[in-house]
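*Asks:* So that we are looking at the same thing, I have put the structure below in structure tokens.
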Amino acid sequence: MLHPPVLEIHSHIAFVYSRKTRGHLEYKLYVCSVIIDLYMAEACQQFPSVVDRYFTRWYKTDVKGQLYEDYCILQHSNRICVITLAECHPVLQSGKNISSISYQISANCSRLQNKVSGKSKRGAQFLTEFAPLCRITCCDGDEYTIYSCIRGRLLEVNENILHNPELLKEKPSTEGYIAVVLPKFEESKTVTEGLLSQTQYEEVLLKRTSIPDSKCILDHGQ
């Protein structure tokens, strides 16, 4: 039996098939295949390695010099990358409550205005490594800018976290993802060169445990 969110996505694909052009259909199926894998990972909790079956985890630590502001990039076999917060990011630490999330990057730029169409992904905003994706404001007044960490075309942002910010804290690597990015084909094998593998990231976490007041705990259960 399919998990309810998966059923919902399958219904959405059927709708797209009946209403959209072939090019747009291919794009929607492309993105939906990634999101379905994420939901399946959440649905099949008795198999904790499901996410790792479909995705390779890559990490970017202390982004822009901000201590512990780490990201996890889930790279799918079809080149698509899902941008998420790593478990050590301050937003995910206990005691932090999110008051708002905004994809409005500047007065003239909103990631929500990203409109993608056709097989060539026309209209997709191009992101550089340090292109901001969204801003998260916590109840204690702390604000965090979330960056792409990789170069590529922005395919989708997760509007669900706007209405339910707790998804980001409760399920950061599945329903609480930030955005979906597609690297250029010619860069698909080099786009992760500046990132850490899961093993390398765990070594970083071990070194951090020697730092007083360090709150970083790796938990792949999320």
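Each reported figure results from applying straightforward, stated rules to the coordinates on display, with no laboratory input. Computed from a predicted structure; not experimentally measured. As a convention, Cβ positions derive from the backbone with ideal geometry for all residues, glycine included, and neighbour counts pool all protein chains shown.
*Asks:* Lys and Arg at +1, Asp and Glu at -1: add these up for the other residues within a Cβ distance under 13 Å of SER110 and post the number.
*Replies:* For residues surrounding SER110, the net value is +2.
*Asks:* To the nearest 20 debye, what is the magnitude of the charge dipole of the range 75-222 about its Cα centre, counting +1 on the Cβ of each Lys and Arg and -1 on the Cβ of each Asp and Glu?
*Replies:* 700
*Asks:* Please work out whether the range 48-138 counts as rounded, prolate or oblate from its C-alpha gyration tensor, where a ≥ b ≥ c are the square roots of the eigenvalues and a/c under 1.5 means rounded, while otherwise a/b larger than b/c means prolate and anything else oblate?
*Replies:* oblate
*Asks:* Assuming 0.36 nm per residue, please report the length gained on full extension of the stretch THR56 to SER77 beyond their Cα-Cα distance.
*Replies:* 6.7 nm
*Asks:* How high is the FRET efficiency from SER197 to THR128, r the C-beta distance, R0 25 Å, rounded to 0.05?
*Replies:* On the way: r = 22 Å, r/R0 = 0.90.
Here the calculated transfer efficiency is 0.65.
*Asks:* Where does each of 107-118, 175-186 land if you order them by average Cβ count within 10 Å, highest first?
*Replies:* The densest-packed peptide leads the list: 175-186, 107-118.
*Asks:* Now for a different question. Kirkwood hydrodynamic radius of the range 102-207 from all distinct Cα pairs, in Å? Show your work: numbers first, answer last.
*Replies:* Working: mean 1/r = 0.0653 Å⁻¹.
Result for the range 102-207, one decimal place: 15.3 Å.
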